[in-house]
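In what follows, a single structure is set out as structure tokens and then discussed.
The values are calculated or read from the model by the stated rules, or taken from the named source; none is laboratory data. All figures in this text were calculated on a predicted structure; none of them were measured in a lab. When we count neighbours, we look across all protein chains shown, and the Cβ atoms used for this are built from the backbone with ideal geometry, even at glycine. With ligands, DNA and RNA removed, areas are computed over all heavy atoms of the protein, side chains included. Shrake-Rupley method; radii C 1.70, N 1.55, O 1.52, S 1.80 Å.
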Amino acid sequence: MMSITMIGLDTAKSVFQVHGVNAVGKIGIRRKLSRSDLIPFFKQQAACTVVMEACGAAHHWARLLIGLGHTVKLIAPEAVRPFVKKGRKNDAADAAALCEAALRPDMKFVPVKQPEQQGILALHSARSLLVKQQTMLVNAMRGLATEFGLIVAQGVGRLAELRTLVEADEAFPETARQVFTTLLEQYKALAGSIEAFETEIVAHARNDETARRLATIPGIGPVTASLIAATVTDISLFKSARHFAAWLGLVPRQYSTGGKTRLGRITKAGNREIRKLLVLGATSMVHRASQWNSAAGAWTRGVLARRPVRLVTVALANKMARIAWAVMTRKAVYQAKGRSVAAPQAAQ
């Protein structure tokens, strides 16, 4: 009997499904394992390729299995889904689909993240969550004040003005005033936490060589630079700048048939947070296009003369992603006229 060469491992909190195949694809193992039995099983198993979805604790298990001598490959969940047999969505089918997907010659694999890298990404995830909660609180306060006829112009900077209106309005119910005050205090607490996270993120952006290069690109600040540097550890996985932009979902959908191609909205695939930050940075640069004295600025102004602002913003975000790919690939800082020089050395 031929030995097992590949194992599809469907992970969960307490129950793990194993699907092992030999060199010719014949099933050799199909069983469930408890969490406590997983590592003893792989200690006894001869070195092979283990395939998992890149989600949950996959990176943690990947590091442990690599330490046991196995080769680990992580696949994005959306890339595995087409290989799950129709009408058989269960752990066993998922594990089998992992082996099937990994055998495809054009399959893209996700690099295994190190603990330090995951720590930086945790800062970004927490910051993003708190920013969302902060926005919810602002909307709640605005909605509450609007119910009693108090409104101010848009923008977080107008929150103090809204508070003054609430405090000065004698007709404002005391119960509603207490609710408004509680929401405002919660907003301030979140602002402090966000600031603390951003301080750590900026420190990473200043100390990481790749992040420092990325921060030289117009529209990319320390938060965006830090997130890209922590997420994309091996830029060589992307063959071209277009592949990188496509991974971020910043290229249009294609509808092709009979030799005719129609382009639609952007795909919005890949890393949502990086895409969002690039679009926000592009929005800022589009608003300053008239003062942007460079070839990229002239290009932006030219497109603005022909296309809607929102379309130009996304197009510029795509361009920024491509520039980021070039900066990381060449290990050079961005030059407005298209020239690159060696990146500055890290401070000792």
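Odds and ends about this structure:
- The range 2-19, subset farther than 20 Å from LEU103 by Cβ, of a type in the set (A, V, I, L, M, F, W, C) and open to solvent by 20 Å² or more (accessible area, probe 1.4 Å), residue nearest to the chain's Cα centre (by Cα): ALA12
- Residue check, ARG213 farther than 14 Å from LEU277 by Cα, in contact (Cβ under 8 Å) with a residue 40 or more places away in the chain, open to solvent by less than 40 Å² (accessible area, probe 1.4 Å) and among the charged types (D, E, K, R): yes
- Some residue of the range 240-248 being part of a helix (DSSP H, G or I), open to solvent by 80 Å² or more (accessible area, probe 1.4 Å), of a type in the set (D, E, K, R) and on the phi < 0 side of the Ramachandran plot: yes
- Test: residue in the range 281-299 that is outside any loop (DSSP other than H, G, I, E, B), in contact with a Gly (Cβ under 6 Å, 6 or more places away or on another chain) and within 25 Å of ILE75 (Cβ to Cβ): no
- Close pairs from the range 106-121: first under 16 Å from PHE83 (Cβ atoms), partner of a type outside the set (Phe, Trp, Tyr) and surrounded by fewer than 16 Cβ atoms within 10 Å (Cβ to Cβ), Cβ under 8 Å, at least 6 apart: LYS108/LEU237
- Hits in the range 268-303 (condition: without any contact (Cβ under 8 Å) to a residue 24 or more places away in the chain, of a type in the set (Ser, Thr, Tyr) and open to solvent by 40 Å² or more (accessible area, probe 1.4 Å)): SER290
- Selection of the range 28-48 for residues being open to solvent by 30 Å² or more (accessible area, probe 1.4 Å) and touching a helix residue (DSSP H, G or I) at 6+ places or on another chain (Cβ under 7 Å) yields ARG30, ILE39.
- Scanning the range 150-173 for residues that are small (Gly, Ala, Ser), open to solvent by 60 Å² or more (accessible area, probe 1.4 Å) and without any contact (Cβ under 8 Å) to a residue 12 or more places away in the chain returns GLY157, ALA160, ALA168.
- Hey, VAL202 open to solvent by less than 50 Å² (accessible area, probe 1.4 Å) and either of a type outside the set (A, V, I, L, M) or modelled with pLDDT of 95 or more (or both) or not: yes
- Filtered residues of the range 96-126 (kept if of a type outside the set (A, V, I, L, M) and open to solvent by less than 40 Å² (accessible area, probe 1.4 Å)): CYS99, LYS113, GLN117, GLY119, HIS124
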